[in-house]
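I have placed the structure first, in the form of structure tokens, so that the comments after it can refer back to it.
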Amino acid sequence: MTPSPNMPLVKTISERCRVCYTCIRECPAKAIRVAEGQAHVLDERCIGCGNCVRVCSQNAKRVLTNINQVRMLLGGQTPVAAVIAPSFPAEFAGMDHATLVGMIRTLGFDYVNEVAFGADLVAGRYRKLLDGSADRRYIATTCPAIIRFVERYHPEMVDQLAPVVSPMVATARALKRLHGDGLRIVFIGPCIAKKAEAASNSLNDDVDVAITFAELRVMLLKEGVDPSTVQASAFDPPHGGLGRVFAINGGMLQTAGVAEDLLTGHVVTAEGRSSFPQAIRAFENGDLDSRLLEVLCCNGCIMGAGVTNEDGYFARRNRVSQYARQQAEALDADRWRAAMTDMADLDLNRRFVANDQRLAMPSREQITRILQDMGKQRAEDELNCGACGYDTCLEHAIAIHKGLAETDMCLPNTIERIKATMTELTSTNRELAETREQLIQSEKLASMGQLAAGIAHEVNNPLSVVLMYTHLLLEDESLDEKLREDLRMVVDQAGRCRKIVGGLLDFARQNKVVRQPTDVRETVDHALRMLSHPDNVCVSVRHDLDDPIAEIDRDQIIQVLTNLFTNAFAAMTEAGGTLTVRTGDDGAAVRIEVSDTGPGIPSDILGKIFDPFFTTKQIGKGTGLGLAVTYGIVKMHRGDIAVTTNTNPGVGPTGATFAVTLPRIEGDV
Ligand code: ADP
């Protein structure tokens, strides 16, 4: 009947866990492992305190339920006793204890007893322990979570656990002596760890099943037990005495008649998730030299995780004290003493078994490496913000080494990484958009190039014939002047057509780049010399090349420069200005910048200037192929061309700058 000790006390419901790490913060045993973003309770490390259950706002922690085992016991032939923990007034506010006993009886229990009697017996044993040899020092063992904590994390101290059973087990043994060994015992209390104690191999099936007040409520609800119609009833004997205050911290000492003396420090109490581990550590290393350390994992059993009542600590404590006081007043002292005497020889001894769950600590180098992985290079990077559930970055790093935590749990580091990824993403997006633009432009140019090559080829030959015959006709001296004039017009216009066809051929030819080591400085100077510049434009050249040699197609780059210079001069013909040419390099690439002080390029046409046949010049002045050809040549060199411009004199000097970047050798950017 005893549930397997291997069944996990607490499990995480993955779908509900929102990975807030609160359970990690509250777990005194560090028994929660975060793996792949989920917080899992490790049963072998869990001490059953239920802190994680209490603090989980998502109800993502499920406690082992034993209701079915209780039902099976109640359905069997053997008598069953319910033993109720002294903290019950903390749970059942506003309910008379006799009503509660009546309700529990309605579920089918043959006896309903108070664990307070067992607490009285246990308190007597503690009194004896303290009266015994003064060299022995003990940790009280009334709290099962504390026992599990010592067995797992202070195994060397197992012998210092007071060798006394808990009030629950003492009650069970007393009842079995009274009603026979066949009596089945169900403990009902505020504690999850009691389930593990009931199932413990180191006890002799004293208690069959332990359930929480929460489970008792479920049973009462399912059975439809109505407090208003139930027959009130008293607890079965033997009745408890002072043991009713065991559920409050210090209650065991008061029952045993031992005071926590601040002067001698012989007896010290500690409770709560941060105090008790400190107290046990101090007790172990000698900083605390008390003879008895009474430690409770919760703030007294009244605050146990199996309590559903949401009242605060003092309200719960008040109800327990009040009930204990009332019962003490009504206590039949003679009967109580007689019952205690009857049980004086009851075996209340217990031994504990070490179950070392300590994990190896990392070396200083390992910690440094883990902290670096978390983006903590310097001491000031360790924010100790506690968002990961560990109090310090160091504790988090140690937990990572032990396989209990993940680097990703560090919130500040995760935020930094998200920011970096966002920046990277934005820049990748921008690059993608630029590449897409260039691709569209290249595709446009490629199809235009094919078309242009076709047209140029077809038109060039007849055009040559027209020009040749027109020139032949012009050689005839007898022609009258009017006709001669017309023929000259034919030559002019045919010449213009030839220029366009030439442009088309250049445009179509761009895909053949013949790279030669070329002096960029000389190429720029040569291209400038080839063009006569308007009188009202001055030219300024600034070479700033560490290495002027680049592997480029000199003729094609001269064509690029000629186009850019021609456009710049055209932009400045009316008002004059300055053409500035700058060269520069950075090892892998050379840069040529052509700037003018013209009116600039309006934003509405900026996106079209590289399109073939786009021109704003008058008919006969421009073909709209200059920049398309330029763009094609630069791209065939695996280079780049960018334009910056200002048309608003209010913001600064107007003008346009074309910046051409070419890889110094093929394949370099
Ligand atoms: P075209 O010079 O035959 O018009 P381009 O392809 O060389 O053909 O130029 C296309 C258009 O780009 C020009 O008509 C002009 O509107 C604009 N443009 C080019 N360079 C400049 C510049 N430096 N300043 C102002 N506009 C320019």
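Things to note:
- Under 5 Å, built H, 5+ apart or other chain: amide partners of ILE185: ALA81, ASP208, VAL209
- Trypsin sites (Lys or Arg not before Pro), loop per DSSP, at most 10 other Cβ atoms within 10 Å - longest free stretch of the chain: 1-350
- Bins of 5 Å, starting at 0 and running to the largest distance - Cα pair percent for region 409-500: 3, 11, 11, 10, 8, 7, 6, 6, 6, 5, 5, 4, 4, 4, 3, 3, 2, 1, 1, 0
- Out-of-range pairs (alpha-carbon distance over 25 Å; input LYS11/LYS195; LYS11/LYS402; LYS419/LYS635): LYS419/LYS635
- Alpha-carbon spread of region 165-292, three principal axes, descending order, Å: 54, 33, 26
- Projection of the Cα convex hull of region 446-566, averaged over all directions and equal to a quarter of that hull's surface, yields 11.0 nm².
- Charged side chains reduced to their Cβ positions (Lys and Arg at +1, Asp and Glu at -1) give region 250-379 a dipole of some 660 debye around its Cα centre.
- Radius of gyration and maximum dimension Dmax of region 540-669, Cα, Å: 14.8, 43
- Stokes-Einstein, applied to the Kirkwood radius of region 274-380 over Cα pairs at a viscosity of 0.890 mPa s and 25 °C, places its translational diffusion at 122 µm² s⁻¹.
- Loop sites by DSSP among the GluC sites (Glu not before Pro) of the chain, restricted to those with at most 12 other Cβ atoms within 10 angstrom, leave 45-309 as the longest stretch without any of them.
- Sorted by Cβ density within 10 Å, fewest first, the residues CYS298, CYS385: CYS385, CYS298
- The antiparallel fraction among DSSP beta bridges confined to region 519-608 stands at about 45%.
- Amide H contacts for GLY306 (H built 1.01 Å from N in the peptide plane; partners 5 or more residues away or on another chain; cut-off under 5 Å): CYS191, ILE192.
- FRET efficiency for THR65 and ARG325, using Cβ-Cβ distance with R0 set to 45 Å, rounded to 0.05: 0.85
- Counted over all Cα-Cα pairs of region 140-212, pairs farther apart than 19 Å make up 34 percent.
- Taking Lys and Arg as +1 and Asp and Glu as -1, the other residues whose beta-carbon sits under 9 Å from that of VAL660 total -1.
- Model label zone, MET7; criterion: amide N under 13 Å from point 7 Å along Cα-to-beta-carbon; scope region 69-88: 69-73
- Residue-count net charge about HIS396 - beta-carbon cut-off 12 Å; Lys, Arg +1, Asp, Glu -1: -2
- Global geometry of region 499-559, whether rounded, prolate or oblate, following the gyration tensor of its Cα atoms and the 1.5 cut on a/c: oblate
- Looking at the chain, the DSSP beta bridges with both ends there are about 55 percent antiparallel.
- 222 nm mean residue ellipticity, helices alone, for the chain (DSSP H n ≥ 4; -39,500 (n - 2.57); rounded to 500): -14000 deg cm²/dmol
- Gyration tensor verdict on region 325-396 (Cα atoms; rounded if a/c is under 1.5, prolate if a/b is larger than b/c, oblate otherwise): oblate
- Neighbour counting of Cβ atoms within 10 Å sorts the residues CYS27, CYS20, fewest neighbours leading, into CYS20, CYS27.
- The modelled label-to-label distance for the pair VAL643/VAL539, using points 7 Å beyond Cα in the direction of Cβ, is 2.2 nm.
- Residue-by-residue Karplus 3J(HN,Hα) for region 296-303, coefficients 6.51, -1.76, 1.60, Hz, glycine and proline x: 10, 5, 7, 7, x, 4, 4, 9
- In region 61-118 the Cα-Cα distances spread across 10 Å bins starting at 0 as 20, 46, 31, 3 percent of all pairs.
- Within region 525-666, DSSP assigns beta bridges of which about 70% are antiparallel (rounded to the nearest 5).
- Net charge, LEU467 excluded, C-beta distance under 14 Å - Lys, Arg +1, Asp, Glu -1: +2
- Shown is the FRET efficiency for GLN231 and ALA134, computed with R0 = 45 Å from the Cβ-Cβ distance and rounded to the nearest 0.05: 0.30.
- Rounded D (µm²/s) - region 326-477, Kirkwood Rh over Cα pairs, Stokes-Einstein at 10 °C, 1.306 mPa s: 62 µm²/s
- Cα point-scatterer Debye curve for region 595-669, base-10 log of I(q)/I(0) at q = 0.17, 0.26, 0.28 Å⁻¹: -0.74, -1.20, -1.26
- Two-site FRET efficiency, THR428 against LEU473, from Cβ-Cβ distance with R₀ of 45 Å, rounded to 0.05: 0.10
- Partner aspartates and glutamates whose Cα lies under 16 Å from the Cα of LYS608, excluding those fewer than 8 positions away in the same chain, are identified as GLU434, GLU437, GLU443.
- One way to sum up the overall shape of the chain is the equivalent ellipsoid from its Cα gyration tensor, whose semi-axes run 99, 27, 20 Å, largest first.
- Put simply, the amide H of VAL537, placed in the peptide plane, has neighbours under 5 Å in GLY577, leaving out anything fewer than 5 places away on its chain.
- Over region 22-168 - Rg/Rh using Cα atoms and the Kirkwood inverse-distance radius: 1.03
We did not get these values from a lab; they are worked out from the coordinates using the rules stated. Since the model is a prediction, treat every value here as computed from it, not as a measurement. Virtual Cβ from ideal backbone geometry, glycine too; neighbours counted across all protein chains shown.
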